[in-house]
Amino acid sequence: MQKRNNISILASFATIKSLSDEQKYQSPYQILSEFIRHIILTDALYAFTAVEMKCLLNEHFDFAVPEAVIKSSLKHMAGISLADSVYNVAVSEIGTDSLFEQKKHEADEYNSNILLQLIEYVKARTGEEEPNESVLTQELIGFLIEDQDTQSHRYTDFISEFVIKNEHNPDIQKGLDKIREGSVLYIGISQNISEVGRLTKPLTLYLGTEVLFSLAGFNGEVFKQLANDFYDQVRLANLKAEKSVTLHYFSDVKKEMDEFFSTAEEIADGRRYDWKEKQAMKAITTGCHTSADVAVKQSDFYHLLQFGYGITQDPHTDYYDETQFSSNLESYDYIDEEDKKKKREMGLKFVSHINKLRNGKRYSYDIESEFLFVTNTRATLAISKEQSEAIKLEEKLDNVCNFAVSLDRITSLLWYKLGSGLTKTSIPASISTVLQARVVLSTSIAKHADKAFSEIKKQYEEGTITKDQVAARIITLRNKPKLPEDLQGDDIDEIMDFSPDYLSRLEEQHKGTQKKLEERERLIEKITADANEKLLAKDEIIAHQEDTLKNKDNENAQLRNELDEYRRKDEERAAKRKRRKDICLFTRSIIWKLFIVIAVACAVIYFQDKFPIDIPNVIVLVMDLLTAGGLAWRICRKDFQKFFPKENK
């Protein structure tokens, strides 16, 4: 029997994609039947059971397909008959599918070529004369194929570097994308997704902190794009069937997010500095001057979740009620390091909550499981897989679905289930090999940076490096791009270099730069001092000129005062002369008027003595005198006002 090899595994997924692009195949079962036909002819099978074929598919192509899917694929296959649970083969009716063989051959050749190029790249990067081809290929499989993980991660970073460096090489990218797209189509086959177009039963998804933060854009543009791809599938599902997918988050997730915002408030208020430079923390604290600013962002975040995405807090609160004991999966018998233990405990809690929501019911496929926890936390995904495998063995079940799935997996499942698997519909961004490489490397950079920070701290505490060296190395590490969108192939080698030699070299450059900065500062100080000295001299000249002007102003003021005094006295003398003149003129005018009055009076008296007194005439005379007196007064007053205008005011 021909066993699988690593190249064949990669080729099998590329072949699925190639076959799905052909109009010949209308269902995933028809595609799987071609792989079964190949095994029958290759291994010369005349009879087999569904269980045996399941094992053969795994041996040849690394397919983990449920028996139910195999039975559906064999149901209408020519040359196959079923009797007593055994499938009998009529060899004469089993013909070779030339299209399948052609696509498989092309995939084998491509993958052999790509592996040779990858080996050469790893040689150049590591200096190894001959990299471990088996480990390298297995890690390439884990990198390209959805939901595949490997124990070793010796070459994963180099694989990601290779992908990014060849981002603009269509020959390489097209083949790698075909493998990843094929792996997503394989998920649909392995999950027995036959009826497509809409969800046939409601599905409630509980989202982890990192998924919620990605939806809000806290983890950068790439993770936001991946989260939005997921939400687009949810929205499409709910358009096709109302309330098909409901989105919640556990109270423990809310507590975790609230603690994150509390830390951000401490940072904004300057009460905390010892925090890891996580992108989400940077995004939240940027632009926040006080804890009140953070509180506003927190409020906006929850408003966005509820009203922008329809995501609300879990309404269930009875996870630890006595009625739930039989569905509880939690235990804390771990001897891990404290941080890992905490992550495992929290992951197991979420897995247990999902099991309780399902009331302990077993489901074979993720998309039909009613409740799932969506997270990218490795510890939680690993625990979910452990629990599923344990239940499958303990209860002797053919297949048990997950309790927790990655964001990429649920996006792919919904995309396939909603009818996009065997069509030309645009695929989710998460399937892009280049995007996958950027995500992997950004995660790796963060881990390397954390490890380097810890090592620098240790060296400083031991006294092996100075404070200046610490500063230089920290600056170097902080300048490393950590967001997926910031990673470019041109400088990827330097970005991924965390070696002591690299840090020392950058440290020397930093010292040189620091020296130049110090010289520049000294030059600036000298120029500033010279300028200040010149300004001081100018200030003294200006001050002297101001004093001179001030003295001149005083002299001028004194002269003006003296001149004003002279003018005042001159005006007083002129006023006195004018007054004397006015008095003389007034006296003269009064005298001649009095003379006239006296003359008139004398004339009256004369005539009285000469003539007898007549009372009426006397009265008339008196009236005339009064009139004459009034006239004289008016005349005098007019002259007085004329000659003495100021005294009449």
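Tell me which trypsin sites (Lys or Arg not before Pro) from region 350-403 have a DSSP coil assignment and no more than 11 other beta carbons within 10 Å of their own. Loop-located and lightly packed - 361, 396.
Computed over protein heavy atoms with a 1.4 Å probe, the accessible surface of region 386-507 works out to 47 Å² per residue. Largest first, the residues 363, 155 sort by 1.4 Å accessible area into 363, 155. Working from Cα pairs under 8 Å separated by at least six residues, relative contact order for region 1-74 is 41 percent. Modelled spin-label separation between residue 588 and residue 109, with each label point placed 7 Å from Cα along the Cα-to-Cβ direction: 14.4 nm.
Coupling constants for region 159-170 follow from the phi torsions by the Karplus curve (6.51 cos²θ - 1.76 cosθ + 1.60, θ = phi - 60°), and in residue order they are 4, 5, 4, 4, 5, 5, 4, 9, 4, 9, 9, x Hz; glycine and proline get x.
Listed cross-link partners 75/104; 165/457; 75/417 are compared with a 26 Å cut-off, the Cα-Cα value being larger for 165/457. Once the Cα-Cα distance is subtracted from the 0.36 nm per residue extended length, the residue 560 to residue 499 segment shows a gain of 13.3 nm.
Each peptide in 170-176, 463-469 gets a packing score, the mean of other Cβ atoms within 10 Å over its residues, and the list from highest to lowest is 170-176, 463-469. Other residues within the sphere of radius under 12 Å centred on the Cβ of residue 53, judged by their own Cβ, net out at -1 (K and R +1, D and E -1). What does the charge count near residue 154 come to, summing +1 for each Lys or Arg and -1 for each Asp or Glu among other residues with Cβ under 11 Å from its Cβ? It works out to a net charge of -3. With a ≥ b ≥ c taken as the square roots of the eigenvalues of the C-alpha gyration tensor of region 135-282, please select rounded if a/c is under 1.5 and otherwise prolate if a/b is larger than b/c or oblate if it is not? It is oblate, given that a/c is not under 1.5 and a/b is not larger than b/c.
A DSSP coil position with no more than 15 other Cβ atoms inside 10 Å describes the following trypsin sites (Lys or Arg not before Pro) in region 17-120: 24, 75. Within region 370-460, the GluC sites (Glu not before Pro) that combine a DSSP coil assignment with at most 12 other C-beta atoms in a 10 angstrom radius are 395. Could you tell me which of the pairs 356/396; 243/396; 54/392 are separated by over 23 angstrom between their Cα atoms in the structure shown? Result: 243/396 exceed 23 Å. Once the Cα-Cα distance is subtracted from the 0.36 nm per residue extended length, the residue 256 to residue 22 segment shows a gain of 79.5 nm. Summed over the residues of region 112-190 and divided among them, the accessible surface reaches 43 Å² per residue at a probe radius of 1.4 Å.
Of 168, 38, the order by accessible heavy-atom surface (1.4 Å probe, DNA, RNA and ligands excluded), from most exposed downward, is 168, 38.
How big is the gap, in Å, between the Cα center of region 151-182 and the Cα center of region 214-252? When both Cα centres are located, 27 Å separates them. Projecting each Cα onto the charge dipole of region 1-138 (Lys/Arg +1, Asp/Glu -1 at the beta carbon, about the Cα centre), which of 65, 45, 16 comes out farthest on the positive side? Comparing the listed Cα positions along the dipole, 65 ranks first. Between beta-carbons, use under 10 Å as the cut-off and find the net charge around residue 222, counting Lys and Arg +1, Asp and Glu -1. Value of the local net charge: -1.
The values are calculated or read from the model by the stated rules, or taken from the named source; none is laboratory data. This is a predicted model, so every value here is computed, not measured. Positions of Cβ are generated from backbone atoms using ideal geometry, with glycine treated the same way; all protein chains shown enter the neighbour counts. For accessibility, only protein heavy atoms count, side chains too; no ligands or nucleic acids. Shrake-Rupley method; radii C 1.70, N 1.55, O 1.52, S 1.80 Å.
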